[in-house]
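Engineer: Before anything else, here's the structure in question.
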Amino acid sequence: MKNSARRVDLKNKTIVIMYMLYFGDMVSITPFLEVLRREAEGSRIVLVMDSRFQESVKYNPNIDEIIPVDRNGKDKGLMATWNIGRQIGKLKPDVLMVLHGTSRTTLMGLAMHPKYWTGEEGTGIDHFFMDQPIVIETYNSHAVDKYLRVLQLLGVKDVSHSGMRTYTCSDWEDKAREFFQSQKLPQNAKMAGFSVGSSTPEKNWPAENYGKVADHFFEKGFIPVFFGVKSELGLIQKAISSMKHGDKAVIATGHLSMGEFIAAAGHCSIFFTNDSGPMYVADSRGIPTISMFGPSNAKFHHPLGPCSQAISSWDMPEGPEHVNKTIASGNYVPISEISVDRVIDAGEKALEKAENL
């Protein structure tokens with residue numbers, strides 16, 4: 001299907017966006033939301049999203065309402081999906097934008113009866129009902145840019161933006177400070193953040209390598225702080241056990257909510273991570289972020305900050321392959337081929353650049 005541009009008036013409308021993906025994905029659409037808010041003057045912007053990741057955008061000023069979907073719990077199933085669509089329909093949506101199409105988005109779209117329906121098809125029948133189907137997942141542009149292209153196809157000329165952004169609240173900021181105080185850290189402590197896990201083992205740079213990087217920057221005066229979900233504690237312990245200064249490391253895992261982590265990440269001076277949600281979060285907080293890539297494509301998922309850098313184990317070609325297909329094929333250079341010295345050098349240069357900005 002070839003995308004075609006069509007001017008759509010976005011001002012003074014009720015605009016519903018459906019995007020039910022994961023933590024990092026919600027951060028990657030923040031430039032889209034920024035541009036949409038600027039273009040859609042006087043409009044009500046409603047985001048339908050996975051309930052597990054609400055805190056990632058809860059305080060985003062470019063959203064007026066969040067409709068959470070517990071897609072693996074009470075909202076699972078055809079009837080529940082249809083009922084959510086009908087409830088959204090009561091808002092009388094003028095424009096429905098689907099940024100990631102699935103059979104669920106098709107059913108919800110049919111139930112809500114929007115005046116104008118555009119975005120990615122969820123099933124083979126969507127084009128019979130959609131006003132403007134758009135191919136979004138093209139695997140030839142950065143994750144941020146592919147969503148901005150949707151707005152361009154709707155007639156938006158100015159898609160300039162300030163990068164990925166996350167927003168917190170005073171409560172989250174207080175909880176982050178309280179956690180650091182509980183670890184007996186000085187108020188002005190310099191911290192290096194680490195997130196050693198990801199959605200799949202093949203995307204993980206070796207935990208012991210993170211430990212070596214943490215040692216290096218500890219000796220430069222940065223206290224290593226390890227973030228992550230509880231299932232990553234084994235990797236974190238492996239990283240810390242490989243350190244000479246492991247007793248100085250701080251484990252934040254299990255102590256912070258998603259929103260509190262977003263706030264805490266902003267206290268770091270530098271952040272090291274795999275291709276993951278925490279990568280996008282650290283970058284969105286303006287922290288120099290060094291991210292390691294193996295089977296996933298750094299060209300399309302790298303952090304955007306001026307002091308951030310993606311390090312890839314190979315020069316992955318542009319192409320239609322999703323990371324899971326790349327992993328299944330085995331046709332990539334393992335992430336473990338990235339050397340510790342290369343990561344340390346990138347971190348040193350990022351800190352130097354940040355000081356000179």
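Engineer: What nm value, rounded to one decimal, do you get for the distance between Ser4 and Asp131 when each label is placed 7 Å out toward the C-beta?
Structural biologist: Distance between the two pseudo-spin positions: 1.5 nm.
Engineer: Now a separate question. How much length is gained on full extension from Gln187 to Asp247, taking 0.36 nm per residue of separation minus their Cα-Cα distance?
Structural biologist: Length gained, Gln187 through Asp247: 19.6 nm.
Engineer: Determine by what factor the alpha-carbon radius of gyration of the range 92-142 differs from 2.2 N^0.38 Å, reporting the quotient.
Structural biologist: Rounded to two decimals, the normalised Rg is 1.10.
Engineer: Could I have the simple spin-label model distance between Ala111 and Glu178, label points 7 Å from Cα toward Cβ, reported in nm to one decimal?
Structural biologist: A separation of 3.8 nm, rounded to one decimal place.
Engineer: So what's the Cα pair-distance distribution over the range 1-51, bin width 5 Å, in %?
Structural biologist: In order of increasing distance, the bins hold 5, 17, 23, 22, 19, 12, 1 percent.
Engineer: Follow-up question, since we're still on this one. Using the Karplus equation 6.51 cos²θ - 1.76 cosθ + 1.60 (θ = phi - 60°), what ³J(HN,Hα) coupling, rounded to whole Hz, does each residue of the range 116-124 give in order, writing x for Gly and Pro?
Structural biologist: Running phi through 6.51 cos²θ - 1.76 cosθ + 1.60 with θ = phi - 60° gives 9, 10, 9, x, 7, 5, x, 9, x Hz.
Engineer: In degrees from 0 to 90, rounded to the nearest 10, what is the angle of the helix 78-89 Cα long axis to the longest principal axis of the chain?
Structural biologist: The angle comes out at about 70 degrees.
Engineer: Using modelled backbone amide H atoms (1.01 Å from N, in-plane), which distant-in-sequence or interchain residues come within less than 5 Å of Val250's amide H?
Structural biologist: When sequence neighbours closer than 5 places are left aside, the close amide H contacts are Val225, Phe226.
Engineer: With every protein chain left in place, what is the accessible area of Glu173 in Å² (1.4 Å probe, nearest 10)?
Structural biologist: 40
Engineer: Counting just the Cα atoms, what span does the range 15-93 cover along each of its three principal axes? Round to the nearest Å and put the largest first.
Structural biologist: Principal-axis extents of the Cα atoms in the range 15-93, largest first: 36, 29, 15 Å.
Engineer: Still on this model: Taking Lys212 as the anchor, which lysines have their alpha carbon closer than 25 Å to its alpha carbon, excluding any fewer than eight residues away along the same chain?
Structural biologist: Once the sequence-local lysines are set aside, what remains near Lys212 is Lys184, Lys190, Lys203, Lys220, Lys230, Lys238, Lys244, Lys248, Lys349, Lys353.
Engineer: Could you pull out the trypsin sites (Lys or Arg not before Pro) across the range 16-115 that fall in loop regions by DSSP (anything but H, G, I, E, B) with no more than 16 other Cβ atoms inside 10 Å?
Structural biologist: Loop-located and lightly packed - Lys74, Lys76, Lys90, Lys115.
Engineer: Which of the lysines could a cross-linker bridge to Lys157, judged by Cα under 21 Å and excluding same-chain residues fewer than eight apart?
Structural biologist: Answer for Lys157, where 21 Å is the Cα cut-off: Lys2, Lys11, Lys13, Lys146, listed by chain and number.
Engineer: Along the Cα→Cβ direction, 7 angstrom out, place labels at Lys353 and Asp158. What is the inter-label distance in nm?
Structural biologist: 2.8
Engineer: Could I ask something else about it? Would you mind checking the radius of gyration and Dmax of the range 190-332 based on alpha-carbon positions, in Å?
Structural biologist: Rg, Dmax (Cα atoms, Å): 14.7, 45.
Engineer: If the cut-off is a Cα-Cα distance under 20 Å, which aspartates and glutamates reach Lys115, setting aside same-chain residues fewer than 8 apart in sequence?
Structural biologist: Within the straight-line cut-off, Lys115 pairs with Asp9, Glu39, Glu41, Asp64, Glu65, Asp94, Asp126, Asp131.
Engineer: Please express the Cα-Cα pair-distance distribution P(r) of the chain as a list of whole percents, one per 10 Å bin, running from 0 to the bin with the greatest distance.
Structural biologist: 5, 24, 31, 24, 13, 3, 0
Engineer: Let me ask something else. Is the shape of the range 293-357 best called rounded, prolate or oblate, per the rule: a/c under 1.5 gives rounded, else a/b larger than b/c gives prolate, else oblate, with a ≥ b ≥ c the square roots of the Cα gyration tensor eigenvalues?
Structural biologist: oblate
Engineer: Ok, one more. In degrees, nearest 10, range 0 to 90: what is the angle between the Cα axis of helix 143-153 and the longest Cα principal axis of the chain?
Structural biologist: With rounding to tens, the tilt is 20 degrees.
Engineer: Is it possible to state the helix-based mean residue ellipticity at 222 nm for the chain, with each DSSP H run of 4+ residues giving -39500 (n - 2.57), the sum divided by total residues, to the nearest 500 deg cm²/dmol? What is it?
Structural biologist: -10500 deg cm²/dmol
The values are calculated or read from the model by the stated rules, or taken from the named source; none is laboratory data. Just so you know, these numbers come straight off a predicted model, no measurement behind them. Heads up, the Cβs are rebuilt from the backbone with ideal geometry, glycines too, and the neighbour counts pull from every protein chain shown. The area values use the complete protein model at the heavy-atom level, side chains included, leaving out ligands, DNA and RNA. Shrake-Rupley method; radii C 1.70, N 1.55, O 1.52, S 1.80 Å.
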